[in-house]
1. Please give every one of the aspartates and glutamates within straight-line cross-link reach of LYS15, meaning a C-alpha to C-alpha distance under 19 Å, and leave out same-chain neighbours fewer than 8 residues apart.
2. Would you work out which of HIS70, PRO88, ILE100 lies farthest towards the positive end of the dipole of the stretch 68-108, given +1 charges on the beta-carbon of Lys and Arg and -1 on that of Asp and Glu, about the Cα centre?
3. Which one, ALA312, GLY115, PHE157, projects farthest toward the positive side of the charge dipole computed for the chain from Cβ point charges (K/R +1, D/E -1)?
4. Please give the peptides 300-308, 108-116 ranked by average Cβ packing (other Cβ atoms within 10 Å per residue), highest first, as a rough proxy for protection.
5. What does the helix-only formula give at 222 nm for the chain: each DSSP H stretch with n ≥ 4 adding -39500 (n - 2.57), the total divided by the residues, and the result rounded to the nearest 500 deg cm²/dmol?
6. About the Cα centre of the stretch 1-129, what is the dipole size in debye to 20, counting +1 per Lys and Arg Cβ and -1 per Asp and Glu Cβ, all else neutral?
7. Considering only DSSP states other than H, G, I, E and B, which trypsin sites (Lys or Arg not before Pro) in the stretch 10-86 qualify as loop sites with at most 12 other Cβ atoms within 10 Å?
8. Taking 35 Å as R0, compute the FRET efficiency from the Cβ-Cβ separation of HIS23 and LYS294 and round it to 0.05.
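Computed from the coordinates by the stated procedures, all read-outs in this text should not be read as laboratory data. Owing to the predicted nature of the structure, the values given are computational and were not obtained by experimental measurement. Note that we place each Cβ from the backbone using ideal geometry, even for glycine, and neighbour counts take in every protein chain shown.
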Amino acid sequence: MAYTTGITDESKDIKDEIKALLHKRKAILLAHNYQRPEVQDIADLCGDSLELSIKASQTDAAVIVFCGVHFMAETASILCPDKKVILPVSNAGCPMADMITAKELRRKKEGLSKGKRVIVISYVNTTADIKAETDICCTSANVIQVVNSVDTSRQIFMTPDKNLAQYAIKHTGRNIVYWEGFCPVHNNLTVGQVREAKSAHPEALFLAHPECPPEILDLADEVKSTSGMIAYAGSSESREFIIGTEIGILHPLSKANPGKSFFPADPGMICSDMKKIGLREILTALQTMQPEVKVPREIREKAKGAVDRMLAIPSGDL
Ligand code: 13P
Ligand code: SF4
């Protein structure tokens with residue numbers, strides 16, 4: 001399906017139907033900051049991974065329609081086992097989350113332990129199976145606090161994002177062993193592209209996501225989660241920003257900051273999985289109440305501890 005942002009009469013009808021069905025089903029619609037503009041505009045809440053997890057854990061809605069990717073809907077299912085969690089397109093996945101299996105993680109833990117307990121920190125961009133083998137999760141918004149919450153006598157293993165892990169090492173000084181996974185969208189951004197954007201917009205600040213490689217983060221004025229970028233741009237005196245993350249973020253950035261200008265570091269930073277859900281898919285999902293994402297109990301119970309410990313930070317105690 002083509003990636004459209006236009007508001008047509010048809011989309012207005014669909015929006016009205018979606019709103020009526022959300023009400024009828026006692027459902028809440030959550031959307032990640034990378035979702036298509038028309039999806040973000042109809043959502044009850046847009047946010048980064050941390051905000052969406054918190055909202056999922058607190059909502060009293062009976063149904064959560066999650067417009068994001070599979071691991072996000074799984075996280076909502078882990079936190080809210082009694083709610084129905086719907087991911088309108090079941091194969092909206094995350095290539096980075098699929099870069100490690102539970103078997104590989106178990107083998108890695110065994111190899112590292114040598115008598116002392118290894119603390120596994122998993123980026124929330126992981127499958128429920130990985131979370132079940134994890135001590136504490138983190139997101140791009142809280143990774144530093146999560147690492148700092150771990151006793152300094154512990155060996156930390158971080159998975160799956162090598163770039164997020166290297167960012168954490170740099171800002172905590174901790175010795176962290178990490179998996180060599182990456183987000184293909186962020187990992188492909190090059191120093192040349194950032195330099196080109198900077199010379200085209202010399203007054204602009206460069207905001208980068210910690211999923212970008214270290215040499216990109218070295219060029220950044222600020223390293224932020226997606227919602228961190230929205231908040232930073234709002235409070236900054238700067239009028240222009242170069243954005244080093246998936247281009248879906250340009251919509252909420254521009255909406256929240258009229259009068260400021262946002263330029264993608266690379267207009268090709270598009271996560272095709274984050275673009276799979278459109279208004280029509282949301283409507284069909286609400287009509288059929290499918291596809292549901294439900295994490296099996298034995299996995300969920302183990303995974304929940306890791307997500308709960310993250311949500312308890314800074315009071316988390318490892
Ligand atoms: P945040 O919105 O949490 O910064 O995450 C970015 C991301 O890659 C989600 O898939
Ligand atoms: Fe996964 Fe990267 Fe897409 Fe986020 S942007 S869902 S990390 S592939």
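1. The qualifying aspartates and glutamates are GLU38, ASP41, ASP44, GLU281.
2. ILE100
3. Of the options given, the answer is GLY115.
4. Per-residue mean Cβ counts within 10 Å order the peptides as 300-308, 108-116.
5. Rounded to the nearest 500, it is -12000 deg cm²/dmol.
6. 920 debye
7. Answer by residue number: LYS26.
8. Working from the Cβ atoms, E equals 0.90.
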